[in-house]
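The values are calculated or read from the model by the stated rules, or taken from the named source; none is laboratory data. Note that the structure is a prediction, hence the values are computed from the model and not measured. Here Cβ is always computed from backbone atoms with ideal geometry, including for glycine, and neighbour counts include all displayed protein chains.
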Amino acid sequence: MTETTETDDDSLFVLTAAMLTPAQFPSVLADDYPQACAVLGLEPAGEGYGLLFGQDAGGARWTVAITDTALVACALAAWDCGLEYDLSPDERYMAAALPGWPLPVAVAAPGVPDPHDPSEEEGGRPPLTPPDMEVWGGAQRRLGADEIALRWRAWREQLDEGSGDGTTPGTGTPASGAPEAGAQEDGTPGDETAEDGTTRDMATADGTPGVGTSEDEPPAPIAPGHAGVRRALADAEEYLSAPPPPGRVRSAHGAVRADGPGWSLVARTDDMAFVLLDDDPGEVHPVRRGPALPALLEALDRLAARPV
């Protein structure tokens, strides 16, 4: 998918791209669109930006922000279908050329030196770098919510039968993709032992989701026993009376998604919700439907920013 464009009189070999709009932005950056723009030193323009990640002729990493979001959206759609697309924006659409990459890029341009950051003198600012994904924090929490939204059915089926008393235990499955507690030495999922001494089978031997949720299981209230989950739900409810910054609530992969300081929520309006917390590394907390949750989810869905 390598394309060539021009920036500052140098060729840029474009390796991949991403949207930076209120409805779509890389979750590793921030909880909302203005924060994501601030990470890159960009003004939060209403129409947003397209981000091009590439290398110059010397192999240096560069992130180029352009205002032609339609061009980037078309390129991403074509690439997803395995088609070629010429991502060569007009110079007049270029908003900024930033040194480094804010996200990990696994490929490199052929025929140029290995990827490296330009010097601070060359870039005019410290280079952008991806967050440390070895440490649980906001970036991993948000990426975990992305994963649940993308693979909702698998995560929904992976729920154990619960305790039967209406509580909402965490699944114990890391959102980051790292081996969960109780995993084998080779990283394959193992059985998780609950606090009551029972064992919850989180996955089959081939890694597919295990036992689904019982149809007869009583629903939990909207404010379950976990203090962090209660706080996240209360923050989300406040969004209904005091709308948050753009992108704090958005629609992703058919799911409603909300983020806040230290928490992420992903849900479907006709089903339940999952909450991830900075304070609970790797834990995914299911919140089952009750009398109040459906109304909250539907109201959040009406607030959600959606791709045009």
Could you figure out which of (1) touching a residue at least 12 places away in the same chain (Cβ under 8 Å); (2) part of a helix (DSSP H, G or I) isn't true of Ala295? (1)
Against the condition assigned to a helix (DSSP H, G or I) and not assigned by TED's automatic domain parsing to the domain that holds Ser264, how does Trp62 come out, does it pass? no
Sort through Gly290, Gly225, Gly247 and tell me the only one that's of a type in the set (Gly, Ala, Ser), in a loop (DSSP other than H, G, I, E, B) and modelled with pLDDT of 95 or more. Gly247
Does Val39 count as under 15 Å from the mean Cα position of the chain (by Cα) and among the hydrophobic types (A, V, I, L, M, F, W, C)? no
Out of curiosity, is Gly100 crowded, with 17+ Cβ neighbours inside 10 Å and on the phi > 0 side of the Ramachandran plot? yes
For region 257-287, give me the residue count where each residue is among the aliphatic types (A, V, I, L, M) and part of a loop (DSSP other than H, G, I, E, B). 1
Of everything in region 88-134, what is assigned to a loop (DSSP other than H, G, I, E, B) and either within 14 Å of Val39 (Cβ to Cβ) or among the β-branched types (Val, Ile, Thr) (or both)? Give them in sequence order. Trp101, Pro102, Leu103, Val105, Val107, Val112, Arg125, Pro126, Pro127, Thr129, Pro130, Pro131
Looking across region 103-115 at residues that are loosely packed, with under 13 Cβ neighbours inside 10 Å and touching a residue at least 24 places away in the same chain (Cβ under 8 Å), the single one that is nearest to Ser27 (Cα to Cα) is Pro104
Answer with yes or no whether Leu87 is crowded, with 16+ Cβ neighbours inside 10 Å and assigned by TED's automatic domain parsing to the domain that holds Gln24. yes
Residue hits (region 73-128; β-branched (Val, Ile, Thr) and either at pLDDT 95 or above or in contact with a Phe, Trp or Tyr (Cβ under 6 Å, 6 or more places away or on another chain) (or both)) are Val105
Any chance you could count how many residues in region 245-280 are closer than 14 Å to Leu296 by Cβ, surrounded by fewer than 20 Cβ atoms within 10 Å (Cβ to Cβ) and of a type outside the set (D, E, K, R)? 2
Search result, residues across region 45-59 that are assigned to a loop (DSSP other than H, G, I, E, B) and either in contact with an Asp or Glu (Cβ under 9 Å, 6 or more places away or on another chain) or buried (at least 23 other Cβ atoms within 10 Å of the Cβ) (or both): Gly48, Ala57, Gly58, Gly59
Restricting region 116-154 to residues that are under 18 Å from Asp279 (Cβ atoms) and basic (Lys, Arg), the one surrounded by the most Cβ atoms within 10 Å (Cβ to Cβ) turns out to be Arg141
